[in-house]
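Everything below concerns the one structure shown next.
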Amino acid sequence: MITLPLLILMVVVLFFFCRWFLGIGVGAPFVPLHHRDVEDGINLAQVTANDVVVDLGSGDGRILIAAAKRGATVIGYEINPLLVWWSRFRLRRFKNRTHIYCGNLLQADLSQASVIFIFGLGPIMPRVVELIRPHAHPRLRVVSFAFSLPGVPLLAQKGIAKLYDFKIHDSSSVGVDG
Ligand SMILES: C[S@@+](CC[C@H](N)C(=O)[O-])C[C@H]1O[C@@H](n2cnc3c(N)ncnc32)[C@H](O)[C@@H]1O
């Protein structure tokens, strides 16, 4: 027989399962990139040791690891605490230049970013664009995987990795994506 406490526990577990693993009500479910796609993104953004790389929805940290291997300082925002814990563990050898925050990517501090990665679903993208715009600067490279950043000019694409140009804000420009 299902008692009330058990029912409440089941509802709570279901809520967090839907939120953390199916991505319902957040930006995207946890669907990790293939190694090939990670490399495409890192190469497209030309990540070097001079960069501060932010991954918005950093999952198990695979993009952060690839960027850290190139010497970059890496910052992740991830809503799933289990993935935060696991990615911190995976990046332990880069501990002195790794910061992984457990929280909503829409509250990310992008003031230090020179490279931003995002692999989120379409509905969150307009808000991601508005989050990034105030931090646009000439060296900023923004790569979105699979999904477009609406109203932002597409500079280049490699596989599913798309490099966007935040220097031009005129959405009537030729090549605007989304
Ligand atoms: C498609 S996965 C990408 C994971 C990793 N960046 C990669 O490329 O392999 C999206 C990740 O974003 C996280 N996420 C979704 N919505 C989020 C939000 N609002 N704030 C922070 N993280 C979020 C999910 O938990 C998931 O780990």
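Where a number appears in this text, it was derived from the coordinates with a stated rule and is not lab data. Fair warning: this is a prediction, and the values are worked out from it, not measured in the lab. As a convention, Cβ positions derive from the backbone with ideal geometry for all residues, glycine included, and neighbour counts pool all protein chains shown.
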Partners for LYS158 among aspartates and glutamates (Cα-Cα distance below 19 Å; same-chain residues under 8 apart left out): ASP37, GLU39, ASP40, ASP55, ASP177
Cα gyration tensor, the range 62-121 - rounded (a/c under 1.5), prolate or oblate: oblate
Sequence-separation-based contact order of the chain, relative, with Cα cut under 8 Å and 6+ spacing, percent: 18
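Kindly provide the trypsin sites (Lys or Arg not before Pro) of the range 120-161 that DSSP labels as loop, not H, G, I, E or B, and whose Cβ sees at most 13 other Cβ atoms within 10 Å.
ARG139
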Global geometry of the range 1-121, whether rounded, prolate or oblate, following the gyration tensor of its Cα atoms and the 1.5 cut on a/c: prolate
Highest-MSF residue in the chain out of GLY159, GLY120, GLY41 [GNM, Cα springs under 10 Å]: GLY159
CD proxy at 222 nm, helix term only [per DSSP H run n ≥ 4: -39500 (n - 2.57); per residue of the chain; nearest 500]: -9000 deg cm²/dmol
Residues ASN104 and ILE8, FRET efficiency given R0 of 30 Å [Cβ-Cβ distance, rounded to 0.05]: 0.75
Shape category assigned to the range 40-178 from the gyration tensor of Cα positions, a/c cut at 1.5: prolate
Surrounding net charge for LEU105, when Lys and Arg each add one and Asp and Glu each subtract one, Cβ distance under 14 Å: -2
